[in-house]
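Chemist: Structure below; questions to follow.
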Amino acid sequence: MKNFGFTLAEVLVTLGIIGIVAALTMPALIQNYKKHEASSRLKKFYSMMSQAILFSENDNGPSVDWDKKDMALDEDNIIIADEQNKLALEYFNRYIEPYIKYTKIDKNPKESQDENGQADQIEVYLADGSTFYFDNGNCAHFLYDTNGHKQPNSHGRDIFSFLICPATYRTHCLSQNQKLCPWGYVSIDDREQARRRCMNSPQYCTSLIMKDGFEFKKDYPHKL
């Protein structure tokens, strides 16, 4: 009786082929997973914040009329960090905090501190590991990070900007009926124009993402 099987050389060749195939396909699989995860978290964040705004409007009136204080600037138009921080916290506590679920608020996040150790914004931690910074700009500004403090911490890759704008700055919205606006302008009606702007200025990528239904299309200009 003869026993048939693979020789050591054949096994090694097979393992080598498997390794090559894995090396070629794994980056694409990882990239697709990152896109899916980021897309899901963006949809969840947008839905949560949109509902929070609607609930808050029931108690506080239309968001375009909310008491949004001007930025805290000195005579040289430089931000006064501690005053700016107070304004952000005041707005957040009044209009947003009662209507969302979160795990922790950092009132003086280290990443945003100036040379005096004072941050001009707050950071809110969510249960899924994502976070957002909240700032008192011309509009109320949400800087959403899909994976929290993990790298790359870069606009258009894991950081996306949303706004609640008073009537004066409603041009930041894609439509006048929109509650939570992207960091961008209504004049970007053409998707290709939005894609080019995202490619050249990643802080404007939120407009493209919203136009694409929070999906990262094949021609999305940045690698997650």
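Chemist: Determine, yes or no, whether residue 126 is of a type outside the set (Lys, Arg), surrounded by 18 or more Cβ atoms within 10 Å (Cβ to Cβ) and more than 26 Å from residue 201 (Cβ to Cβ).
Modeler: For residue 126, the condition - of a type outside the set (Lys, Arg), surrounded by 18 or more Cβ atoms within 10 Å (Cβ to Cβ) and more than 26 Å from residue 201 (Cβ to Cβ) - is met.
Chemist: Yes or no: the stretch 68-81 includes at least one residue that is in contact with a helix residue (DSSP H, G or I) (Cβ under 6 Å, 6 or more places away or on another chain), of a type in the set (D, E, K, R) and under 22 Å from residue 173 (Cα atoms). Walk me through it before giving the result.
Modeler: Step one: list which residues in the stretch 68-81 are in contact with a helix residue (DSSP H, G or I) (Cβ under 6 Å, 6 or more places away or on another chain), which gives 69, 72.
Narrowing further to those that are of a type in the set (D, E, K, R): 69.
With under 22 Å from residue 173 (Cα atoms) added as a condition, the list becomes 69.
Yes: one or more hits.
Chemist: Sticking with this one: Within the stretch 151-180, can you find the residues that are exposed (fewer than 13 other Cβ atoms within 10 Å of the Cβ) and under 17 Å from residue 49 (Cβ atoms)?
Modeler: 175, 177, listed by residue number.
Chemist: Further, regarding this structure: Is it fair to say residue 98 is loosely packed, with under 15 Cβ neighbours inside 10 Å and of a type outside the set (Phe, Trp, Tyr)?
Modeler: Yes: the conditions hold for residue 98.
Chemist: Let me ask another. How many residues are within 15 Å of residue 94 (Cα to Cα) and modelled with pLDDT of 95 or more if we restrict to the stretch 43-62?
Modeler: Looking only at that region, the number is 11.
Chemist: Let me ask something else. Which of the numbered conditions does residue 7 fail, given that it passes all the others? Conditions: (1) exposed (fewer than 15 other Cβ atoms within 10 Å of the Cβ); (2) modelled with pLDDT of 90 or more.
Modeler: Of (1) exposed (fewer than 15 other Cβ atoms within 10 Å of the Cβ); (2) modelled with pLDDT of 90 or more, only one is false for residue 7: (2).
Chemist: Continuing with the same structure: Test of understanding: among 39, 56, 50, which residue is in a helix (DSSP H, G or I) and surrounded by fewer than 18 Cβ atoms within 10 Å (Cβ to Cβ)? Quick ask: steps written out before the conclusion?
Modeler: Working: 39 fails: surrounded by fewer than 18 Cβ atoms within 10 Å (Cβ to Cβ); 56 fails: surrounded by fewer than 18 Cβ atoms within 10 Å (Cβ to Cβ).
Going through 39, 56, 50 in turn, just one is in a helix (DSSP H, G or I) and surrounded by fewer than 18 Cβ atoms within 10 Å (Cβ to Cβ): 50.
Chemist: Determine whether the stretch 156-176 contains at least one residue that is touching a Lys or Arg at 6+ places or on another chain (Cβ under 8 Å), part of a loop (DSSP other than H, G, I, E, B) and closer than 16 Å to residue 41 by Cβ.
Modeler: Yes, some residue in the stretch 156-176 is touching a Lys or Arg at 6+ places or on another chain (Cβ under 8 Å), part of a loop (DSSP other than H, G, I, E, B) and closer than 16 Å to residue 41 by Cβ.
Chemist: Name the residues in the stretch 67-90 that are part of a loop (DSSP other than H, G, I, E, B), within 23 Å of the chain's Cα centre (by Cα) and among the aliphatic types (A, V, I, L, M), would you?
Modeler: Matches in the stretch 67-90: 71 only.
Chemist: Here's another thing I want to ask about it. Identify, by number, the condition in (1) farther than 20 Å from residue 52 by Cβ; (2) outside any loop (DSSP other than H, G, I, E, B) that residue 219 doesn't meet.
Modeler: (2)
Chemist: Being farther than 21 Å from residue 169 by Cβ and within 13 Å of the chain's Cα centre (by Cα) is the filter here, so list the residues in the stretch 126-142 that pass it.
Modeler: Within the stretch 126-142, 126, 129, 130, 131 meet the criteria.
Chemist: Just the residues that are crowded, with 16+ Cβ neighbours inside 10 Å, of a type outside the set (A, V, I, L, M, F, W, C) and closer than 19 Å to residue 120 by Cβ, please, taken from the stretch 59-74.
Modeler: 68
Chemist: Something else about it: Are there any pairs, at least 6 apart or on different chains, whose C-beta atoms fall under 7 Å, with the first in the stretch 113-132 and over 16 Å from residue 39 (Cα atoms) and the second modelled with pLDDT under 95 and among the β-branched types (Val, Ile, Thr), and if so, which?
Modeler: What qualifies is 120/79.
Chemist: Are there any pairs with C-beta distances below 6 angstrom linking a residue in the stretch 64-82 that is closer than 20 Å to residue 106 by Cα to a residue that is exposed (fewer than 15 other Cβ atoms within 10 Å of the Cβ) and among the charged types (D, E, K, R), with the two at least 6 apart or on different chains, and if so which?
Modeler: If the second residue must be exposed (fewer than 15 other Cβ atoms within 10 Å of the Cβ) and among the charged types (D, E, K, R), the pairs left are 80/74; 81/114.
The values are calculated or read from the model by the stated rules, or taken from the named source; none is laboratory data. Just so it is clear, the model here is predicted, and its values are computed rather than measured. Here Cβ is always computed from backbone atoms with ideal geometry, including for glycine, and neighbour counts include all displayed protein chains.
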